[in-house]
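The values are calculated or read from the model by the stated rules, or taken from the named source; none is laboratory data. Because the structure is predicted, anything quoted here is derived from the model rather than measured. Because the Cβ atoms are built from the backbone with ideal geometry, glycine has one as well, and the counts that use them run over all protein chains shown.
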Amino acid sequence: MELITTIRNVPDFPKKGIVFRDITTLLKNKEAFHRFIELMVERYKNERIDKVVGIESRGFIGGAALAYVLSAGFVPIRKPGKLPADKIRQEYQLEYGTDAIEIHRDAIGKGERVLLHDDLLATGGTILAACKLVEQLGGTIVGLSFLIELSFLQPRKRLSQYDIFSLISYDSE
């Protein structure tokens, strides 16, 4: 099964000129969802992952499944105000303004091997902020995994120090 055929393209969402890559059509398809997780696990099964970090919110779906199959813990990175305990925060640039993400201070131990996962890699701003949080806590980043990469935005330039794995790549909007 070719996973790209299970992604729904929604033109002009959230604004005119943007094509939204909707993964809900992949997730509801049991063969496609299974294949997505199977391919990710195949890539990371020998990496001795201690924790999988998922980025809010669609990164939780694949990230939690990966953590389960890889016998790793799962750690959510969330938008501000969503985590209840002591946390650290990292701001990052958006096209217009800034945003931030947070992680619990006790989520990652020093030297733990961490895989970060999100559904989509666009410009790399969010995942780079997540990497900074993990590194601040002493984690060792094994890799960055994504279901979809918008390669036409050239996110790998910004993330050249990390090993990046994506299953689907779009070369144009």
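Just one of the numbered conditions (1) touching a residue at least 40 places away in the same chain (Cβ under 8 Å); (2) surrounded by fewer than 19 Cβ atoms within 10 Å (Cβ to Cβ) is not true of ILE55: (2).
Somewhere in the stretch 42-49, is a residue surrounded by 17 or more Cβ atoms within 10 Å (Cβ to Cβ) and in contact (Cβ under 8 Å) with a residue 24 or more places away in the chain?
Within the stretch 42-49, the subset surrounded by 17 or more Cβ atoms within 10 Å (Cβ to Cβ) is 44, 49.
From what is left, the residues that are in contact (Cβ under 8 Å) with a residue 24 or more places away in the chain are 44, 49.
Checked the stretch 42-49: at least one residue is surrounded by 17 or more Cβ atoms within 10 Å (Cβ to Cβ) and in contact (Cβ under 8 Å) with a residue 24 or more places away in the chain.
For the stretch 86-115, the set of residues classified as small (Gly, Ala, Ser), more than 19 Å from the chain's Cα centre (by Cα) and outside any strand (DSSP E or B) consists of GLY109, GLY111, listed by residue number. Annotation note: of PHE60, PHE33, the sole residue that is more than 20 Å from ARG113 (Cα to Cα), modelled with pLDDT of 95 or more, of a type in the set (Phe, Trp, Tyr) and assigned to a helix (DSSP H, G or I) is PHE33. Screening VAL53 on (1) assigned to a loop (DSSP other than H, G, I, E, B); (2) within 10 Å of the chain's Cα centre (by Cα); (3) not charged (D, E, K, R) shows it passes everything except condition (1). When you check ALA85 against the structure, is it surrounded by fewer than 18 Cβ atoms within 10 Å (Cβ to Cβ), over 20 Å from ASP163 (Cβ atoms), aliphatic (A, V, I, L, M) and touching a Phe, Trp or Tyr at 6+ places or on another chain (Cβ under 9 Å), yes or no? Answer is no for this residue.
The single residue among LEU27, LEU66, LEU70 that is out of contact with any Leu (no Cβ under 8 Å at 6 or more places or on another chain), surrounded by 13 or more Cβ atoms within 10 Å (Cβ to Cβ) and at pLDDT 95 or above turns out to be LEU27.
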